[in-house]
Amino acid sequence: MDLEQLLTDRLAPAFATVAGTPVDPVVRRSPRADFQSDGALALARQLGRTPRTIATEVLQHADLADLCSVVEVSGPGFLNLTVADDALAGMVSALATDPRLGVAMAATPETVVVDYSAPNVAKEMHVGHLRSTVIGDAAARLLEWLGHRVLRANHLGDWGTPFGMLIEHLVDPGEVKAAQELSMGDLDSFYKAARAKFDTDEAFRERSRRRVVALQGGDEATLRLWRLLVEQSERYFLTVYGLLDVTLTERDFHGESSYNDLLGPVVEELDRLGLLRESEGAACVFPPGSVGRDGAPLPLIVRKSDGGYGYPATDLAAVRHRTGTLGATRLLYVVGLPQRQHFEMVYAAAAQAGWLAPPARAEHVGFGSILGSDGRMLRSRAGGSVKLVGLLEEAITRATALARERNPELGEAEAAEVGRSVGIGAVKYADLSSDRHRDYVLDWERMLALDGNTAPYLQYAYSRIRSIFRRAGLTARPDAGISLTEPAERALAFELVGFGKVVGEVAENLEFHHLAGYLYRLGATFSTFYERCPVLRADGPVRESRLVLCDLTARVLRQGLYVLGIRTLERM
Ligand code: ARG
């Protein structure tokens, strides 16, 4: 029920009649009427007539009577379109009784793999993983809601040479003590201590090297220690996901190691296809289109000169598995922009090998960095990377304090609940409301503010509407007649019927800041409506109609925030 599309469909035949060829009517929201069509302007030269003459003729052929109350030619030759109140009201009515709020299910449901979060075992999650986790989870929620089969893939970094030293470090103080340390979530000190020993202690280094060999050789005792590391880390990551309200579960861990058995076949197949070339002892693919600064083709190293496999080989195996075995046709990789070239090369090589053939496609859903207030990469006071949990705890503490201050009537438990939802919501929303291709500055004041494009603003807008109903002891009747007369009422109606279009677009481009921007506009439009149009004090049918507008706004806000992974509250 996209109004722009509806008007376009009505105008297109009229334009075609006048021009003798198909023409895009170029319909958009207008500051002068509700919508305008600019199609006549581009046609003028082609037809050798003035745009106004063309627009006038188009008007004679257009069938708009049931949709528009006023249609007129204006300015140099625009068509100004005013949507009829009852047509708009009809759309709002349809929306009110639609549990999907005007958002269509996917026409062709697909199997979509969303590769996201992907922290590294025995290492702290950092803020880059925060972005991946938040954006990826929004993508998974959205696509699932649209009816796709979504497979969440948490491509944990759980394999490779560092595990020799990590396992030796685990053995040193005795397993029990080390496991305890790990389960406390102190992954960073564990990793750093192992690293420090590795760098200074030759005997430890030698043991670590032997461990890697044992690990790769499948030595049972070594594997058991490795599993302990992985399990402790996974347990810790799950607590972070719980705190973050992220839908990843223990079933979604598909670490790099899970592709180990597929690496051999991948290399064999690439070889059979004639795609492998040797370069400095390593087996490489040279994907077309990837060249270095000097213009020379860049190698994707599939098997290292020592016979080991690395990150690219695992990702190739993952593509092959995801399309071939899981039957996915859309592969999303929610990973920072610095890895862009890696993914371009992997996709190109996979395409060459026939593992990524249409309709299957892969998209790198890249993102920039989170910056501190100084405009540089976010760093802890000690200069290290910022611990994600610390950041989340700070958000909750700040939001809880604000919640108490803003509403002294909240009980202790309720203030804690509000603080958690608002704090976590603010962190996620700050991320999702900025263009993911760019860096953004972490600014506590701004993201926790009750006004502006923030989670608290939208959560508050939602709870305010809910309190209207609660205080009056009312519920909206979705089938009540809708009447729209006031400009503020019509403006709100236009926003509400626009939800489906925004959601459809975001499902394609995964630019969640457009959804955030939409929700913010909706909230602001609602505010104006609520200021100008009495609801509870209105009479009979007007009151019923306005209650539906209130209720619909709340439902759209709630669903939109749900997609972004943000909780709504009945009271704040
Ligand atoms: N573990 C990697 C990192 O921390 C991210 C993995 C992304 N996913 C993938 N399929 N390569 O940078």
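Can you tell me what percent of all Cα-Cα pairs in the stretch 80-137 are more than 17 Å apart?
Numbers: 1106 of 1653 pairs.
Cα-Cα pairs in the stretch 80-137 separated by more than 17 Å: 67 percent.
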Kirkwood-based Rg to Rh ratio, the stretch 350-399, C-alpha trace
1.31
Kindly provide the pair-distance distribution of the stretch 1-94 built from C-alpha pairs, with 10 Å bins from 0 and whole-percent values in order of increasing distance.
18, 54, 23, 5, 0
Bridge orientation stat for the chain from DSSP, antiparallel percent rounded to 5, came to 55
Expressed in nm², what is the orientationally averaged projection area of the convex hull enclosing the Cα positions of the chain?
32.7
Measure out, as a whole number of angstrom, how far apart the alpha-carbon centroids of the stretch 190-232 and the stretch 1-69 sit.
70
Once R0 is set to 56 Å, what does the formula 1/(1 + (r/R0)^6) return for the Cβ-Cβ distance between Asp271 and His514, expressed as a FRET efficiency to the nearest 0.05?
0.80
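Starting from the Kirkwood Rh over alpha-carbon pairs, what translational D in µm² s⁻¹ does the stretch 396-538 have by Stokes-Einstein at 25 °C and 0.890 mPa s?
Numbers: Rh = 16.9 Å.
Reported coefficient: 145 µm²/s.
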What Kirkwood hydrodynamic radius do you get for the stretch 38-140 when you take the inverse of the mean 1/r over all pairs of distinct Cα atoms, in Å?
19.0
The whole-number value in µm²/s of the Stokes-Einstein translational diffusion coefficient for the stretch 199-317, with Rh from the Kirkwood sum over alpha carbon pairs at 4 °C and 1.567 mPa s, is 75
Relative contact order %, the chain, counting alpha carbon pairs below 8 Å whose residues are six or more apart
15
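Once you charge only the Cβ atoms, +1 for Lys and Arg and -1 for Asp and Glu, what is the size of the charge dipole of the stretch 442-503 about its Cα centre, to the nearest 20 debye?
Numbers: 8 positive and 7 negative charges, 59 e Å.
Computed charge dipole of the stretch 442-503: roughly 280 debye.
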Assigned charges on the beta-carbon of Lys, Arg, Asp, Glu; the stretch 329-466 dipole about Cα centre (debye):
320
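With +1 on the Cβ of every Lys and Arg and -1 on the Cβ of every Asp and Glu, and nothing else charged, how large is the dipole of the chain about its Cα centre, in debye rounded to the nearest 20? Intermediate values should be presented prior to the final figure.
On the way: 64 positive and 74 negative charges, 110 e Å.
Dipole size: approximately 520 debye.
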Please turn the phi angles of the stretch 393-408 into ³J(HN,Hα) values with the Karplus equation 6.51 cos²θ - 1.76 cosθ + 1.60 (θ = phi - 60°), one per residue in order, whole Hz, x for glycine and proline.
5, 4, 4, 5, 4, 4, 5, 5, 4, 5, 4, 5, 5, 6, 9, x
Pick out, in residue order, every one of the trypsin sites (Lys or Arg not before Pro) in the stretch 283-392 that is DSSP loop and has at most 16 other C-beta atoms within 10 Å; say none if there are none.
Arg293, Lys304, Arg376, Arg381
By per-residue mean of other Cβ atoms within 10 Å, what is the highest-first order of 256-264, 530-538?
256-264, 530-538
Quick check on the chain: helices-only [θ] at 222 nm, where DSSP H runs of length 4 and up contribute -39,500 (n - 2.57) each and the sum goes over total residues. Nearest 500, please.
-17500 deg cm²/dmol
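Arrange the following residues from fewest to most other Cβ atoms within 10 Å of their Cβ: Ile566, Ile396. Write out the running numbers ahead of the final one.
Numbers: Ile566 28, Ile396 20.
With the fewest neighbours first, Ile566, Ile396 line up as Ile396, Ile566.
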Where does the charge balance sit around Gly336 when Lys and Arg score +1, Asp and Glu -1, over other residues with C-beta under 15 Å from its C-beta?
-3
Label points 7 Å out from Cα along the Cβ direction at Val171 and Val213: separation in nm?
1.3
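Values quoted throughout were computed directly from the atomic coordinates according to the rules given, and no laboratory measurement underlies them. Worth saying up front: this structure is predicted, and the values here are computed from it rather than measured. Note that each Cβ is placed from the backbone with ideal geometry, even for glycine, and that neighbours are counted across all protein chains shown.
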